[in-house]
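Just below is one structure, and these are the notes that go with it.
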Amino acid sequence: MRIALAAFAIALATPALAQFPPPGIYSCTGADGQKLGTLSLLVAGDYQWQTPDGKSATGQVSSAASSVTAVSGPLADQHWKGNFTTAAGKTTFVLTRDGGNVTCAH
């Protein structure tokens, strides 16, 4: 019984090794508050990026724990990478790119 309780306590204290951000539609803004576009994150890391003027493109992101990196498409071309957090059902990305910091939330 003590071994089972100890294993349970360790499991609660250990962060998940593999986690993927939840699919959804995220509004992205620059550090200056300017709307950059909308990131539609799909299952398995596929995404669609849409700029405010309506242009769209697709690509993929990879994720390890809470880290995320764009690996193809327009976001990879601009070297988007960073972390995400999920609290109370809301996911927020804090990313860097060639043009500065980006926050994406829904």
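The values are calculated or read from the model by the stated rules, or taken from the named source; none is laboratory data. Please read all numbers here as calculations on a predicted model, not as lab measurements. Cβ atoms come from the backbone with ideal geometry, glycine included; neighbour counts cover every protein chain shown.
All but one of (1) within 11 Å of the chain's Cα centre (by Cα); (2) surrounded by 15 or more Cβ atoms within 10 Å (Cβ to Cβ) hold for A64; which doesn't? Going through the list (1) within 11 Å of the chain's Cα centre (by Cα); (2) surrounded by 15 or more Cβ atoms within 10 Å (Cβ to Cβ), A64 breaks only (2).
Scanning segment 90-106 for residues that are closer than 12 Å to C28 by Cβ and crowded, with 17+ Cβ neighbours inside 10 Å yields F93, L95, R97, V102, T103, C104. May I ask you to list the residues in segment 57-89 that are over 16 Å from Y26 (Cβ atoms), hydrophobic (A, V, I, L, M, F, W, C) and in a strand (DSSP E or B)? A64, V71 - these are the residues of segment 57-89 that are over 16 Å from Y26 (Cβ atoms), hydrophobic (A, V, I, L, M, F, W, C) and in a strand (DSSP E or B). For segment 54-106, a residue qualifies if it is among the aromatic types (F, W, Y) and under 17 Å from G37 (Cα atoms), and the qualifying residues are W80, F93.
Is one or more of the residues making up segment 35-55 more than 14 Å from the chain's Cα centre (by Cα), touching a residue at least 40 places away in the same chain (Cβ under 8 Å) and buried (at least 16 other Cβ atoms within 10 Å of the Cβ)? Yes: one or more hits. Screening the candidates A65, A88, A57 for the property of being out of contact with any Pro (no Cβ under 9 Å at 6 or more places or on another chain) and either modelled with pLDDT under 95 or among the small types (G, A, S) (or both) yields one hit, A88.
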